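Below you'll find the structure, written out as structure tokens, and then a few comments.
The values are calculated or read from the model by the stated rules, or taken from the named source; none is laboratory data. Since the model is a prediction, treat every value here as computed from it, not as a measurement. Ideal geometry is used to build each Cβ from the backbone, glycine not excepted, and the neighbour counts take in all protein chains shown. Note: areas computed on protein heavy atoms with side chains; ligands, DNA, RNA excluded. Shrake-Rupley method; radii C 1.70, N 1.55, O 1.52, S 1.80 Å.
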Amino acid sequence: MKRISTFVMLLCIVVLSANAQLLWKVSGKNLPKASYVLGTHHLAPLSILDSIAGIKQAMTEVEQVYGEIVMAEMQTPAAMQQMQQAILLPGDTTLHTLYTPAQYDSLAVKVKELMGMDLKMMDKMKPAFLTTQLGVVIAMRAVPGFNPQQQLDGWCQAEAQKQGKKVAGLETVDFHMSVLFGAQSLQRQAAQLLAGINHLADMEQQARNMTTAYMTQDLKQLEQTMNQKFGTAVDVLPEEEDALIYHRNTKWVESMPAIMHNQPTLFAVGCGHLIGERGILNLLKQQGYTVEPVK
């Protein structure tokens, strides 16, 4: 089974599509109007919009946009409190207790160098949270034009709001946080963070290669990047792929038919959720829908 790094899995969740296609039309099975599924990449600059055929027309045709979550809700006081609870280590556990003194000192040096912060100030933070923060730093170093404040997911939701259309999420913020920061043991999180920061050059190159492949829709290069193995703790385990992608796909596809039947919808989610036998495109086909790339 192919393995990819946790940094890419958590932040990008990007996998290849058989037709190098990002936007898909969903019709048939008595849908009053067609809906669309858009594969996003959380590290891609917004210039990707210029190369996604039909995206602006799809935005005009649909009456609502669904993302993985409602991104504006992440800025509310309630969501911020949920985030704080999700990223804190439980009880008396600290980063000091998860690492040997030598490991902790090595990690502290790297965190200071990359983030400009003292690790002791984050001693109660879960390693998975630091992994996501490190992923942003890697993206800013490796991906030209990357701006964490300007992402395709956010553009879709903001554009829908400008047009007076409904914006909703397939998941709650609380569930989303539990997947990102609660699906793995603390020991596993600690091992992945340490392995990632000790192989920073590999992580940067993988982020760079994957983003280039996504932007140019170069499937061969994307496949090679996805199949890359590091032989370290950054390699994602099958059960982690299930939690991060496939179990969520199943839940989403259970709710999508009613959403689409009610109003034509654009679903904008990480591209890794779209394809493969357990991807949402194939799951929709299995339900009898016609799913075709927009040209």
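Could you run the Karplus curve 6.51 cos²θ - 1.76 cosθ + 1.60 with θ = phi - 60° over segment 146-151 and give me ³J(HN,Hα) per residue in whole Hz, x for Gly and Pro?
Listing the rounded values in order: 6, 9, x, 8, 10, 10 Hz.
For the pair Asp123/Phe230, report the inter-label distance in nm, with labels modelled 7 Å from Cα in the Cβ direction.
Distance between the two pseudo-spin positions: 2.7 nm.
Per q in 0.14, 0.16 1/Å, what log10 I(q)/I(0) does a Debye calculation on the alpha-carbon atoms of segment 40-87 return?
Evaluating at q = 0.14, 0.16 Å⁻¹ gives log10 I(q)/I(0) of -0.57, -0.69.
Taking the solvent-accessible surface of protein heavy atoms with a 1.4 Å probe, what is the per residue accessible area of the chain in Å²?
Values: 13180 Å² over 295 residues.
Here the residues of the chain average 45 Å² of exposed surface.
Would you mind putting 264-274, 181-191, 141-151 in packing order, based on average other-beta-carbon counts within 10 Å, highest first? Mind showing how you got there, number by number?
On the way: 264-274: 24.3, 181-191: 17.7, 141-151: 14.3.
Result, highest mean Cβ count within 10 Å first: 264-274, 181-191, 141-151.
Where does the Debye-calculated log10 I(q)/I(0) of segment 73-172 sit at q = 0.11, 0.15, 0.19 Å⁻¹, using only Cα point scatterers of equal weight, no solvent?
Values returned for q = 0.11, 0.15, 0.19 Å⁻¹ are -0.49, -0.82, -1.08.
Report, in degrees rounded to the nearest 10, the 0 to 90 angle that the Cα long axis of helix 127-142 makes with the longest principal axis of the chain.
It works out to around 70 degrees.
Among (i) 28, 22, 20; (ii) 31, 25, 20; (iii) 34, 20, 18, which one is semi-axes √(5λ) of the Cα gyration tensor in Å computed from these coordinates?
Structure-derived value, by its label: (iii).
Length gain on complete extension for the stretch Glu292 to Leu237, per 0.36 nm per residue less the alpha carbon to alpha carbon distance? Walk me through the numbers before you get to the answer.
Numbers: separation 55, 0.36 × 55 = 19.80 nm, distance 3.10 nm.
Value of the extension gain: 16.7 nm.
For segment 162-168, in order, what is each residue's ³J(HN,Hα) by Karplus, 6.51 cos²θ - 1.76 cosθ + 1.60 with θ = phi - 60°, in whole Hz (x at glycine and Pro)?
Once θ is set to phi - 60°, the couplings for segment 162-168 become 4, 8, x, 9, 5, 10, 9 Hz.
Just to verify a number: FRET efficiency for Lys285 and Lys33, C-beta to C-beta distance, R0 = 30 Å, to 0.05? Let's see the in-between values first.
Numbers: r = 19 Å, r/R0 = 0.62.
Once the sixth-power term is evaluated, E becomes 0.95.
Could you work out the helix-only [θ] at 222 nm for the chain, with each DSSP H run of four or more residues adding -39,500 (n - 2.57) and the total divided by the number of residues, to the nearest 500 deg cm²/dmol?
-14500 deg cm²/dmol
Let me check against my output: what whole-number percent is the relative contact order of the chain, with C-alpha pairs under 8 Å and at least 6 apart? It would help to have the intermediate numbers written out before the result.
On the way: 453 pairs, mean separation 121.9, N = 295.
Averaging sequence separation for qualifying contacts and normalising by length gives 41 percent for the chain.
Hey, rough spin-label estimate for Thr97 and Val109, points 7 angstrom out along Cα→Cβ, what's it come to in nanometres?
So the two model labels end up 2.7 nm from each other.
Would you work out what percent of the accessible area of the chain, with all protein chains in place, is carbon or sulfur (probe 1.4 Å)?
Values: 6900 of 13180 Å².
The value for the chain is 52 percent carbon and sulfur by accessible area.
Give me the distance between the Cα centres of segment 25-86 and segment 241-261, rounded to whole Å.
14
Nearest 5 percent is fine: what portion of the DSSP beta bridges confined to the chain is antiparallel?
About 45 percent, rounded to the nearest 5.
Kirkwood Rh and Cα-based Rg: tell me the resulting Rg over Rh for segment 137-295, rounded to two decimals. Display every interim value, and only then the final one.
Numbers: Rg = 17.5 Å, Rh = 18.1 Å.
Rounded to two decimals, Rg/Rh equals 0.97.
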